[in-house]
């Protein structure tokens with residue numbers, strides 16, 4: 001059963017509720033959303049694909065690394081796969097910590113690591129009907 | 001030994017398939033699987049040293065393989 005990947009639209013409020021805790025004074029939400037406009041035209045949306053088993057494993061490792069570096073951090077995240085229309089979120093990360101410095105740092109770490117190493121790919125569809133694989137430099 | 005190679009995204013598109021079973025000699029490494037793959041499919045989209053994973057963990061070309069391993073060649077990732 002998938003833990004960090006979903007085909008469904010993301011529910012950020014639910015992720016925030018999952019990490020809320022009496023000991024945590026700060027909660028940070030990151031949302032990665034599909035931008036409508038690129039340099040060379042409008043984007044209709046993005047089709048996300050993944051090496052599912054390894055993406056789940058890497059996401060789990062990233063969460064554990066963050067929990068190891070920022071003790072007391074509570075982390076919930078979901079990455080959406082399949083077709084995501086422009087304007088909708090493809091990634092949601094909720095982090096709660098006792099204090100805000102750690103919450104911001106842990107949230108930044110998680111999204112940066114996702115972008116660096118999780119085997120997920122994007123195929124952009126433009127308004128023109130053309131589609132192309134997105135290279136990381138422009139991700 | 002037998003290993004299962006998995007391809008994704010632009011690599012799978014170029015190869016026309018997303019899985020290849022390879023028969024490799026004992027002592028074979030990831031680099032050997034890559035070489036064998038190139039002789040089986042159109043691997044023109046694969047760079048000389050693509051990112052590789054063995055059994056869901058990133059691995060280098062010199063990583064040793066074992067019977068039943070799952071090897072994946074991973075195009076530049078773009079998640080998040």
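Readers should treat all values here as calculations from the given coordinates under stated rules, not as data from a laboratory. Owing to the predicted nature of the structure, the values given are computational and were not obtained by experimental measurement. Heads up, the Cβs are rebuilt from the backbone with ideal geometry, glycines too, and the neighbour counts pull from every protein chain shown.
Numerical summary
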read-out	value
Using alpha-carbon coordinates, inclination of helix A:100-117 to the longest axis of chain A, degrees	40 degrees
Span from the region A:11-76 Cα centroid across to the region A:114-134 one, whole angstrom	18 Å
Exercise: per-residue mean of other protein chain Cβ atoms within 10 Å, B:10-17	1
Degrees, to the nearest 10: A:52-69 long Cα axis against longest axis of chain A	40 degrees
Rounded if a/c under 1.5, otherwise prolate or oblate - the protein assembly as shown, Cα gyration tensor axes	oblate
Relative packing of peptides A:55-68, A:16-29 - highest average C-beta neighbours within 10 Å first	A:55-68, A:16-29
Shielding by partners - mean other protein chain Cβ count within 10 Å, residues of A:55-67	1
Length-normalised contact order of region A:1-132 in % [C-alpha pairs under 8 Å, at least 6 apart]	39 percent
Shielding by partners, peptide A:45-51 (average Cβ within 10 angstrom, other chains)	3
Nearest 10 degrees, 0 to 90: helix B:30-40 Cα axis against chain B principal axis	70 degrees
Counting DSSP beta bridges with both ends in chain B, the antiparallel % (nearest 5)	75 percent
